1. How many residues, within segment 255-266, are more than 16 Å from residue 299 (Cβ to Cβ) and part of a helix (DSSP H, G or I)?
2. Return the residues of segment 67-78 that are over 14 Å from residue 226 (Cα atoms) and not polar (S, T, N, Q); say none if nothing qualifies.
3. So in segment 223-267, with the set limited to residues that are without any contact (Cβ under 8 Å) to a residue 60 or more places away in the chain and open to solvent by less than 20 Å² (accessible area, probe 1.4 Å), which one is nearest to residue 176 (Cα to Cα)?
4. Do we have any residue at all in segment 63-83 that's among the polar types (S, T, N, Q), open to solvent by 50 Å² or more (accessible area, probe 1.4 Å) and modelled with pLDDT of 80 or more?
5. Just give me the residues in segment 46-62 being in a helix (DSSP H, G or I) and either open to solvent by 50 Å² or more (accessible area, probe 1.4 Å) or in contact with a Gly (Cβ under 6 Å, 6 or more places away or on another chain) (or both), in sequence order.
6. Tell me which residues, restricted to segment 76-97, are in contact (Cβ under 8 Å) with a residue 40 or more places away in the chain and more than 16 Å from the chain's Cα centre (by Cα).
7. Please work out if residue 210 is more than 24 Å from residue 306 (Cα to Cα), of a type in the set (Ser, Thr, Tyr) and modelled with pLDDT of 85 or more.
Amino acid sequence: MRYIKQHWKMLLNILTIFVLVIIIYAIRKELVSTLDDLSHVNAWALLLLVPIEALNYHAQAKLYQGLFDIVGNKISYSFLYKMSLELNFVNGVFPSGGVSGVSYFGVRMRSNEEGITGSKATVVQLIKLVLIFISFEILLIVGLLFLSVGGHVNDVTILVASSITTLVIVLNGGFLYIIGSRTRINATFSALTRSLNRIIKVFRPKHPETIKLKRVHEIVDELHNNYRLIQDNYKRLGAPLMYALLANLTEVLAVYFVYVAFGHWVNIGAIILAYSVANFAGLISVLPGGIGTYEAIMTAVLAAAGIPINLSIPVVVMYRILNTLIQLPPGYYFYHKALSRPKEA
């Protein structure tokens with residue numbers, strides 16, 4: 001145990017590299033076929049993925065910057081841009097439905113920015129997710145309009161879109177309902193803490209309260225206070241919401257331009273719908289980055305929206321691989337740099 005505490009950074013890097021190797025091994029066949037297909041597609045269209053992804057991280061950095069500004073912290077754009085790359089890397093290699101990213105974000109902000117507590121970073125991250133989900137709703141409406149114009153709105157697409165809409169409303173509503181009341185948030189987290197302690201006690205019978213309930217109440221109270229601060233300044237959420245929408249739109253455009261590279265100007269509404277479903281499904285995938293689940297579901301939804309499977313499979317695989325090659329290396333660089341130098345100049 002002492003060795004782990006003293007060398008946790010090195011061990012974490014080893015684990016990260018191990019997971020990356022697994023990812024590369026899992027997609028080795030697709031990687032080879034994709035590299036072969038590169039000679040048959042429009043390279044200029046594929047190169048557009050680089051500025052599109054750069055714009056995506058710009059949107060994420062500005063989104064974080066706007067939310068931190070509401071809670072009283074001025075954070076530099078460059079730091080948040082690098083942080084966005086790090087978060088994408090962490091969420092991409094560790095299969096936790098985004099939980100790893102939330103935890104990592106809290107640790108990084110607390111250790112590198114004065115005046116930012118873990119709970120403040122957590123509530124900013126959670127509100128960011130709420131805005132991302134709300135922007136999904138906006139994109140879905142636009143996507144259905146494009147599909148209706150193209151004559152591809154059928155029972156399946158309506159069912160999928162309405163299911164996602166309902167899920168987003170329930171998740172967002174439930175989260176805001178709980179965190180909006182000090183009583184409800186304390187009751188919820190107290191129940192979760194007691195349940196976790198009972199489970200942990202099975203493995204550590206001499207430790208009935210591994211997670212201290214008093215400390216949980218302190219964190220939850222601060223979480224609620226920071227949420228109320230954002231709630232009281234809700235009129236300032238307009239710009240962050242626009243950046244959340246831009247972040248989602250750039251990801252959709254990245255997929256779209258891979259289709260263009262293959263010589264097909266498909267209905268962007270189908271891509272919006274498929275992207276939304278695949279990302280929700282990826283949250284529960286047990287594999288890093290939702291490998292397999294993401295591609296299969298996205299292809300199936302695209303087929304339901306009128307895009308042939310034999311076209312969608314190579315496009316989706318190429319998008320995933322090229323997107324990974326563009327994003328993970330810089331993300332790993334800043335992630336590794338952060339572990340090596342926890343304090344930034």
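1. Count: 3.
2. Answer for segment 67-78, where residues must be over 14 Å from residue 226 (Cα atoms) and not polar (S, T, N, Q): 74, 75, 77.
3. Among them, the one singled out is 224.
4. Yes, the conditions are met somewhere in segment 63-83.
5. Once the filter is applied, which keeps residues that are in a helix (DSSP H, G or I) and either open to solvent by 50 Å² or more (accessible area, probe 1.4 Å) or in contact with a Gly (Cβ under 6 Å, 6 or more places away or on another chain) (or both), segment 46-62 yields 47, 50, 51, 55, 58, 62.
6. Matches in segment 76-97: 79 only.
7. no
Yes or no, residue by residue, for (1) outside any helix (DSSP H, G or I); (2) modelled with pLDDT under 85; (3) surrounded by fewer than 21 Cβ atoms within 10 Å (Cβ to Cβ):
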{"position": "90", "(1), (2), (3)": "no, yes, no"}
{"position": "97", "(1), (2), (3)": "yes, yes, yes"}
{"position": "101", "(1), (2), (3)": "no, yes, yes"}
{"position": "151", "(1), (2), (3)": "yes, yes, yes"}
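The values are calculated or read from the model by the stated rules, or taken from the named source; none is laboratory data. None of the values given here were measured: they were computed from a predicted structure. Using ideal geometry, Cβ is built from the backbone for each residue, glycine included, and neighbour counts are taken over all protein chains shown. In case anyone asks, the SASA skips ligands and DNA or RNA and just uses the protein heavy atoms, side chains included. Shrake-Rupley method; radii C 1.70, N 1.55, O 1.52, S 1.80 Å.
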